[in-house]
1. Quick one: Debye curve from the alpha-carbon atoms of the stretch 6-74 only, equal weights, vacuum; give me log10 I(q)/I(0) at q = 0.14, 0.21 Å⁻¹ to two decimals.
2. Starting from the Kirkwood Rh over alpha-carbon pairs, what translational D in µm² s⁻¹ does the stretch 147-213 have by Stokes-Einstein at 25 °C and 0.890 mPa s?
3. Any idea of the accessible area per residue across the stretch 1-142, 1.4 Å probe, to the nearest Å²?
4. Please report the Cα spread of the stretch 89-234 along all three principal axes, rounded to whole Å, starting with the longest.
5. With an 8 Å cut-off on Cα pairs and a minimum separation of 6 or more residues, tell me the relative contact order of the chain in percent.
6. Taking +1 at the Cβ of each Lys and Arg and -1 at the Cβ of each Asp and Glu, which of TRP59, GLY105, TYR117 sits farthest along the dipole of the chain towards its positive end, judged by Cα position relative to the Cα centre?
7. Please report the spacing between the Cα centers of the stretch 139-165 and the stretch 30-105 in Å, no decimals.
8. Express the carbon and sulfur contribution to the solvent-accessible surface of the chain as a percent, rounded to the nearest whole number, probe 1.4 angstrom.
Amino acid sequence: MKPATAPGRPAIWTRRLLRCGLAAGPVFVTAFVAEGAARDGYRPLRHPVSSLALGPGGWVQAANFAVTGILFLAAAAGLARADDSATGTRAVPALIGVAGAGLIGSAIFPTDPVSGYPPGTPDLPCAASRAGTVHNLAAIPVFAGLPAAAASASWRSFRIGQRGWGLYCAGTAITMGAAMALAGAGFGQSPRLVRLGGLFQRASIVTGFAWLTALSARALQHAPAIRVASPPVT
């Protein structure tokens, strides 16, 4: 008797990994919106998302960082396996994977208080803590890696004639980077932007994470079809 094979197994795993990319953005955004609405003294327009990992209940946002980071890593693996012309190079999955690692690092090392949250803390710390410094370093792969991945996908898309998708990727890279620059100025206590630092950061996050959702959905269309295993031959 010859045992049956399972030719669809690689395709199944590719699709599962890509679905992690679909879920990453909605999971992260839903969690921090709900958590921010429940925190006393927390002002989403002013305070960074990372500040939710401080104080009582901070473990919720830390877990949100960790879970989302794992979903990013899974999405990167799925994108590397999918046959999508816009991610034909290894750069896009690699940059998304690095962003996932940065999110996990953000879960492990909490940020320093900023802009007066938690209540009673100064607008800026006198000196950055070690954990806060590592947290800021871990954020670089997220807020620089995702725009770089979108820019790489844009370049690739224009080369193969997919102008619409290329424009969307380019817009994502530019918007995410510009919004995060404004957020950084706000968290640095720029008088004109300090009240809107959280808003600009959220604009950057939503833009980049929505792009990953769209990229994962697109890659699912190009993922290998699932083949049904043939019955055993006797």
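1. -0.50, -0.83
2. On the way: Rh = 12.3 Å.
Rounded to a whole number, D works out at 200 µm²/s.
3. Values: 6760 Å² over 142 residues.
Dividing the accessible area of the stretch 1-142 by its residue count gives 48 Å².
4. That works out to 74, 41, 21 Å along the principal axes.
5. Values: 413 pairs, mean separation 71.3, N = 234.
That works out to 30 percent.
6. GLY105
7. Value for the Cα centre distance between the two parts: 18 Å.
8. On the way: 7580 of 11310 Å².
The value for the chain is 67 percent carbon and sulfur by accessible area.
The values are calculated or read from the model by the stated rules, or taken from the named source; none is laboratory data. Quantities reported herein were computed from a predicted structural model and do not represent experimental measurements. Ideal geometry is used to build each Cβ from the backbone, glycine not excepted, and the neighbour counts take in all protein chains shown. Keep in mind that these areas ignore ligands, DNA and RNA; they rest on the heavy atoms of the full protein, side chains included. Shrake-Rupley method; radii C 1.70, N 1.55, O 1.52, S 1.80 Å.
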